[in-house]
1. Asp151 - would you say it is assigned to a helix (DSSP H, G or I), crowded, with 21+ Cβ neighbours inside 10 Å and of a type in the set (Asp, Glu)?
2. Mind telling me which of the residues Ile287, Ile268 ends up being in the same structural domain as Gly176 (by TED's automatic domain parsing), of a type in the set (Val, Ile, Thr) and farther than 27 Å from Asp115 by Cβ?
3. Every residue in region 293-317 that is in contact with a strand residue (DSSP E or B) (Cβ under 8 Å, 6 or more places away or on another chain) and either of a type in the set (Gly, Ala, Ser) or outside any helix (DSSP H, G or I) (or both), please.
4. Would you confirm whether any residue within region 171-185 is under 19 Å from Arg91 (Cα atoms) and of a type in the set (S, T, N, Q)?
5. Being over 26 Å from Leu311 (Cα atoms) and either of a type outside the set (D, E, K, R) or outside the structural domain of Val249 (by TED's automatic domain parsing) (or both) is the requirement here; does Ser104 meet it?
6. Kindly provide the set of residues from region 78-120 that are surrounded by 14 or more Cβ atoms within 10 Å (Cβ to Cβ) and of a type in the set (Gly, Ala, Ser), ordered by number.
7. Identify, by number, the condition in (1) touching a residue at least 60 places away in the same chain (Cβ under 8 Å); (2) in contact with a strand residue (DSSP E or B) (Cβ under 8 Å, 6 or more places away or on another chain) that Ser32 doesn't meet.
8. Residues of region 203-219 being surrounded by 19 or more Cβ atoms within 10 Å (Cβ to Cβ) and within 18 Å of Thr90 (Cβ to Cβ), which ones?
Amino acid sequence: MNDLNIRKIALIGCGFVGAASAFAIMQSGLFSEMVLIDINREKAEGEALDISHGLPFAKPMKIYAGDYSDLEDASLILITAGAGQKPGETRLDLVKKNIAVLKSIIPQITHYNRDAILLMVANPVDILTYTAAVLSGYPENRVFGTGTVLDTARLKYLIGEHLQVDSRTVHAFILGEHGDSEIVAWSSANISGVPLQDFCEMRGRFDHKQTMMDLAESVKNSAYEIIEKKKATYYGIAMSVRRVCEAIVRDEKSILPVSSVQHGAYGIEGVALSVPAIVGKEGVEAIVPIHLSEQEISNLKQSAQTLKNVLETELRD
């Protein structure tokens, strides 16, 4: 077993998402060492230099460009490498390209490190999380993806705006695929313990059905809208990455909707998707079976089937 440095993180892929994630991680003060790895070494060097120049305003940290041998003692390895989503593309459209990228990366990781936590950030995150678990042979609790952590944050933000309350007091989850088949767990949503519909009525909002449909669509279309306007999304996912890293490094046992390989939750098997999970220093420590309506469970199973169909096609090829 490698002697891992709990305060060392490695980030593979220095595109928009990778660079923004590295910046957010630097500001977090969670780590004392961060190595950036990219197929374009100069890009990694440039990002490391640029971010390092902000260190006088942050916490002491060693940030540098490296290669796969530098993974040896990293406790956490982030994979952001891969093709980005273009205007008009869905996340599932990226499957072939990014599975090929992953197949080139995973053997390099496992050659140098078999004991870290692998956090998948690249899209389609659910398909790549499952593929990484299969290819790496790592214990499944240590291979998971950011999943719907960002979608859930988008939902909380929009509900907070709609009801004019602090989004941090909104308790609600997006589950399933990080993509078009995702679902909102409306039946368990609440504002500081007050059921969502009751709180809506307290705030003079009564058109529940239409509002729920509109909010769900807004979350689902957020990435498309941002990509249409500025070609890529990266700040929101960077903050999501930082949040998951906090839960791991601090062993917080936080409940986050990360994407992990499922074995029976809500009757779902053999696919990675997002359900609430306890996240700590061992990775995904347990699945949290929140209350869902029969319709929500049915929709979640449909989301799982959507992903399974893609996986069966890709892994067969």
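1. Numbers: assigned to a helix (DSSP H, G or I): yes; crowded, with 21+ Cβ neighbours inside 10 Å: yes; of a type in the set (Asp, Glu): yes.
Yes; evaluated as a whole, the condition is true for this residue.
2. Working: Ile287 fails: farther than 27 Å from Asp115 by Cβ.
Step by step, each of Ile287, Ile268 is checked, and only Ile268 is in the same structural domain as Gly176 (by TED's automatic domain parsing), of a type in the set (Val, Ile, Thr) and farther than 27 Å from Asp115 by Cβ.
3. Going residue by residue through region 293-317, those that are in contact with a strand residue (DSSP E or B) (Cβ under 8 Å, 6 or more places away or on another chain) are 296, 299-300, 303-304, 307-308, 311.
Ser303, Ala304, listed by residue number.
4. Of region 171-185, the ones under 19 Å from Arg91 (Cα atoms) are 174-184.
Imposing the further condition that a residue be of a type in the set (S, T, N, Q) reduces the set to 181.
The answer is yes; a qualifying residue exists.
5. Details: over 26 Å from Leu311 (Cα atoms): no; either of a type outside the set (D, E, K, R) or outside the structural domain of Val249 (by TED's automatic domain parsing) (or both): yes.
Considered against the rule, which asks whether it is over 26 Å from Leu311 (Cα atoms) and either of a type outside the set (D, E, K, R) or outside the structural domain of Val249 (by TED's automatic domain parsing) (or both), Ser104 comes out as no.
6. To start, the set of residues in region 78-120 that are surrounded by 14 or more Cβ atoms within 10 Å (Cβ to Cβ) comprises 78-85, 89-95, 98-99, 101-102, 105-106, 108-110, 112-120.
Ala81, Gly82, Ala83, Gly84, Ala116 - these are the residues of region 78-120 that are surrounded by 14 or more Cβ atoms within 10 Å (Cβ to Cβ) and of a type in the set (Gly, Ala, Ser).
7. With respect to (1) touching a residue at least 60 places away in the same chain (Cβ under 8 Å); (2) in contact with a strand residue (DSSP E or B) (Cβ under 8 Å, 6 or more places away or on another chain), Ser32 is out only on (1).
8. Initially, region 203-219 is screened for residues surrounded by 19 or more Cβ atoms within 10 Å (Cβ to Cβ), giving 215, 219.
Within region 203-219, Val219 is the sole residue that qualifies.
The values are calculated or read from the model by the stated rules, or taken from the named source; none is laboratory data. Because the structure is a prediction, the values reported are computed rather than measured. Ideal geometry is used to build each Cβ from the backbone, glycine not excepted, and the neighbour counts take in all protein chains shown.
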